[in-house]
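First comes the structure, then the notes that go with it.
The values are calculated or read from the model by the stated rules, or taken from the named source; none is laboratory data. Because the structure is predicted, anything quoted here is derived from the model rather than measured. Please note: Cβ atoms are built from the backbone with ideal geometry, for glycine as well, and neighbour counts cover all protein chains shown. In case anyone asks, the SASA skips ligands and DNA or RNA and just uses the protein heavy atoms, side chains included. Shrake-Rupley method; radii C 1.70, N 1.55, O 1.52, S 1.80 Å.
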Amino acid sequence: ADSTIKAFTTSQVVELENIQITKQPTKTTYFIGENFDKTGMEVTANYSNGTSQVITDYNITGGTNLQLGTTSITVSYEGKTANIGITVEKNTVEKLTIKSQPTKTTYFVGESFDKTGMVVEATKIKQQKQ
């Protein structure tokens, strides 16, 4: 007897379509010189077969030593990117306090001020906007 077996296989290639920020980080406003903090952020990978999953092994670009004018941070994963909007503000000094007086406090006319021994503390205004 002649018997024929036919087998069909299908393989569907599942590709990463995009990534998205599904939960914003807790902190989105920074002062000059601070580093981006991803606490609270959730990044999701979306695939061509309609599935998605939360990922944690993404890369962050532009998140260190933030400068005035920086408006976003880039998150990347397997060639796909997403941006997080941030604000970077100037450090604003609210007050200066002399913590220790200078060693020399008596001067003759024409002498220059000597700051030796003096300690000054600057208090910055840190009103974070979320």
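If you take the residues in segment 101-130 that are closer than 30 Å to T87 by Cβ and among the aliphatic types (A, V, I, L, M), which one is modelled with the lowest pLDDT?
I125
Inside segment 37-85, can you point out the residues that are hydrophobic (A, V, I, L, M, F, W, C) and within 25 Å of E17 (Cα to Cα)? If you could, list the steps in order and put the result at the bottom.
Keep residues of segment 37-85 that are hydrophobic (A, V, I, L, M, F, W, C), which gives 41, 43, 45, 54-55, 60, 66, 68, 73, 75, 82, 84.
Selection gives M41, V43, A45, V54, I55, I60, I73, V75, A82, I84.
Taking segment 73-94 on its own, how many of its residues are within 14 Å of the chain's Cα centre (by Cα) and exposed (fewer than 12 other Cβ atoms within 10 Å of the Cβ)?
The number of residues fulfilling the criteria is 1.
With farther than 26 Å from T123 by Cα, open to solvent by 50 Å² or more (accessible area, probe 1.4 Å) and of a type outside the set (G, A, S) as the only criterion, which of N49, N65 stands out?
Numbers: N65 fails: farther than 26 Å from T123 by Cα.
Exactly one of N49, N65 is farther than 26 Å from T123 by Cα, open to solvent by 50 Å² or more (accessible area, probe 1.4 Å) and of a type outside the set (G, A, S), namely N49.
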